[in-house]
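A short write-up of the structure that comes next.
The values are calculated or read from the model by the stated rules, or taken from the named source; none is laboratory data. Keep in mind that this is a model prediction, so the values were computed, not measured. Glycine gets a Cβ as well: all are built from the backbone with ideal geometry, and neighbour counts include every protein chain shown.
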Amino acid sequence: MILDISKILLTKGEEVPFYFEEELCFDNFNGQRELCFNKPAKFSGTIENVSGILYMSGKLEASVDLKCDRCGQNIENEYMFLVEEAFSSTEAVDDEEIRHIKGKQVDLSPILREAMLMQLPTKILCDNDCKGLCDCCGANLNNESCECNTEKINPAFASLKNLKFD
Ligand SMILES: [Zn+2]
Ligand SMILES: [Zn+2]
């Protein structure tokens, strides 16, 4: 996904909209070897030239399959990510928040990837009540029960078992 900034670079004070709808894949994403969007990724927003610094603000709509952290099942999710980024083509700007760019094109893929990694929930679950996999046999406890001892109780909570609620 390439953003052409040749025009906006020349027009200070201008703000122009952009819209992309493209196939998008990331390598090595969040523990997955490859993450490809289920539908073309939609990325839309505006880019503004403020005294030579380009401010991009957009939103990325992504439909992706991510693995449940508990049971490993693939789950399709629709996400919306906000992406804000500032660019400058002059070396003189020394600000960590501002990405230095060479040339007239910006590859948006690494920027989108970063935004997604920052904004994804820390735990991805197929369901809040996902029972996960059995520690001993690996059975997916959402679909089947296994013969292993399921009465194992975390010692920290063992005493709670005898509590009575009136
Ligand atoms: Zn799950
Ligand atoms: Zn088991």
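Check SER89 against each of (1) loosely packed, with under 15 Cβ neighbours inside 10 Å; (2) farther than 26 Å from LYS42 by Cβ; (3) more than 16 Å from ligand 1 (Cβ to nearest atom) and name the one condition it does not meet.
Going through (1) loosely packed, with under 15 Cβ neighbours inside 10 Å; (2) farther than 26 Å from LYS42 by Cβ; (3) more than 16 Å from ligand 1 (Cβ to nearest atom) one by one, SER89 breaks only (1).
Within segment 1-35, how many residues turn out to be free of Cβ contacts under 8 Å to residues at least 12 places away in the same chain and more than 21 Å from SER51 (Cβ to Cβ)?
The qualifying residues number 4.
From the set of residues in segment 36-50 that are within 18 Å of ALA115 (Cβ to Cβ) and of a type in the set (A, V, I, L, M), which is surrounded by the most Cβ atoms within 10 Å (Cβ to Cβ)?
Step by step, filter segment 36-50, then rank; the result is ALA41.
Within 30 Å of LYS131 (Cα to Cα) and surrounded by 14 or more Cβ atoms within 10 Å (Cβ to Cβ) - does that describe any residue in segment 5-28?
Within segment 5-28 (the criterion being within 30 Å of LYS131 (Cα to Cα) and surrounded by 14 or more Cβ atoms within 10 Å (Cβ to Cβ)), the answer is yes, since at least one residue qualifies.
Give all pairs with beta carbons closer than 6 Å in which a residue from segment 75-94 that is without any contact (Cβ under 8 Å) to a residue 60 or more places away in the chain meets a residue that is more than 16 Å from ligand 2 (Cβ to nearest atom) and of a type in the set (Gly, Ala, Ser); count only pairs at least 6 apart in sequence or on separate chains.
Every condition considered, the pairs that remain are GLU78/SER63; TYR79/ALA62; PHE81/ALA115; VAL83/GLY58; VAL83/ALA115; GLU84/SER57.
Looking at the structure I just gave you, is GLY103 at pLDDT 85 or above, at positive phi, within 16 Å of ligand 2 (Cβ to nearest atom) and of a type outside the set (D, E, K, R)? It would help to see each step written out before you state the result.
Numbers: at pLDDT 85 or above: yes; at positive phi: yes; within 16 Å of ligand 2 (Cβ to nearest atom): no; of a type outside the set (D, E, K, R): yes.
Taking the combined requirement at face value, the residue does not satisfy it.
Can you confirm whether segment 71-83 contains a residue that is of a type in the set (A, V, I, L, M), over 16 Å from the mean Cα position of the chain (by Cα) and surrounded by 17 or more Cβ atoms within 10 Å (Cβ to Cβ)? Even if it seems obvious, please write down each step before you answer.
Our first condition is that a residue be of a type in the set (A, V, I, L, M); within segment 71-83, this holds for 75, 80, 82-83.
The next check asks that each one be over 16 Å from the mean Cα position of the chain (by Cα); those that pass are none.
No, there is no match, as no residue in segment 71-83 is of a type in the set (A, V, I, L, M), over 16 Å from the mean Cα position of the chain (by Cα) and surrounded by 17 or more Cβ atoms within 10 Å (Cβ to Cβ).
In this structure, does ILE53 turn out to be farther than 19 Å from LEU125 by Cα, among the aliphatic types (A, V, I, L, M), at pLDDT below 90 and surrounded by 13 or more Cβ atoms within 10 Å (Cβ to Cβ)? Spell out how you get there, then give the answer.
On the way: farther than 19 Å from LEU125 by Cα: yes; among the aliphatic types (A, V, I, L, M): yes; at pLDDT below 90: no; surrounded by 13 or more Cβ atoms within 10 Å (Cβ to Cβ): yes.
Against the criterion (farther than 19 Å from LEU125 by Cα, among the aliphatic types (A, V, I, L, M), at pLDDT below 90 and surrounded by 13 or more Cβ atoms within 10 Å (Cβ to Cβ)), ILE53 does not qualify.
For (1) touching a Leu at 6+ places or on another chain (Cβ under 8 Å); (2) under 21 Å from GLU14 (Cβ atoms), each residue gets a yes or a no:
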| residue | (1), (2) |
| --- | --- |
| ALA41 | yes, no |
| MET56 | yes, yes |
| LEU60 | yes, no |
| ARG70 | yes, no |
| SER89 | yes, yes |
| ARG99 | no, yes |
| MET118 | no, no |
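Need pairs with beta-carbon distance below 6 Å; first residue within 11 Å of GLY72 (Cα to Cα) and touching a residue at least 12 places away in the same chain (Cβ under 8 Å) and within segment 124-139, second basic (Lys, Arg) and near ligand 1 (Cβ under 10 Å from one of its atoms); sequence gap 6+ or separate chains.
Final answer for the pair search is CYS130/ARG70; GLY132/ARG70.
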